[in-house]
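Before I ask anything, here is the structure I am working with.
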Amino acid sequence: MLAIFLKTLPFFALIATGYLAARTRFFSAEATAYLTKFVFYFALSAMLFGFAANLSLGAIFDWNFVAAYLLASLFIYAIAFAVGLFRGISIEEAAVEAQCAVIGNVGFLGIPMLVLLLGPQAAGPLLLVLAIDLIVFSSLITLVITTRRQGTLSPALVRILFIGLCKNPMIVAITLGLGWGASGLAVPVPVNEYLTTLGAAATPCALFAIGASLAGRSAERAGVASWLAFCKLVLHPGAVAVLAFGVFTVEPFAAAVMVVAAALPVAGNVYILAAHYGVAPQRVSTAILISTAVSIVTVTFVVAQVGR
């Protein structure tokens, strides 16, 4: 486990570097926003396209994989949602808390870190996890909150969900990459070198941006946030492991990658959605802070366990 910890430590050290740079105001909030935009729209998208273009949908898509991850995630989502309602909070708040319990930082942290830790073959399962998170759960929280506020499910809402997915650069990059791979055409050498060079910036910049964005978050409602961090770091990977290894016949390496992806801390885009809808943004912010800090230990432990 110590050897794995030493391998994961540089990645979290990059997060800490970004945190200190922003905390000391050497790196401004505006600079963090632009760095995040660069990673989101350019570096990470180039990396995702490069991975997807060298894969075929048939090679990465597996119904058992999808069923194991989706059902386990929905189970933990339901637990967090029910606990929230039991505490007397609104349906909108319960939906946001449930989102914290199952949406990990696969894009900015998982793909850059786990591809280097576990090898390029981890890209396929990670892309599938990311697609499920973005398509199913990002749509689900929008559906719950908007329907609750409007009182009905309208065609306009479905159109908004579809347009939102089409505008997400990660979804676009994965779709275009898989489309290129399905064509059977090789990526031209200059284009491939361009994507490789641009995509190489994703890992350090994404991790630095995570840390810098954490520096601007305030900690409130630590009790509830700690519960949400527990759901994300312990219950979620535990449920995924049970279904992936014990119920569904998922290829062992893909199952291991899926479990580690489930063990990642709460994603920053949950805060973006919470802030957009004005639903418990500080609670989400604290859950991101706590889960990211604790994940230094928990992710190392999970990697060590699935490595066996």
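All of the numbers you see were taken from the coordinates with simple rules; none came from a lab. Computed from a predicted model, the values in this text were never measured in an experiment.
Mean Kyte-Doolittle hydropathy of -0.5 or higher plus an axial Cα length of 24 Å or more: which whole DSSP H helices in the chain meet both?
Helices meeting the criterion: 2-23, 63-86, 281-306.
So what is the relative contact order for the stretch 2-306, in percent, with contacts set as C-alpha pairs under 8 Å and at least six apart?
On the way: 437 pairs, mean separation 106.9, N = 305.
Rounded, it is 35 percent for the stretch 2-306.
For Phe162 and Ala82 in the same chain, what is the full-extension length gain: residue separation times 0.36 nm, less their Cα-Cα distance, in nm?
Numbers: separation 80, 0.36 × 80 = 28.80 nm, distance 2.79 nm.
Stretched fully, the Phe162-Ala82 segment lengthens by 26.0 nm.
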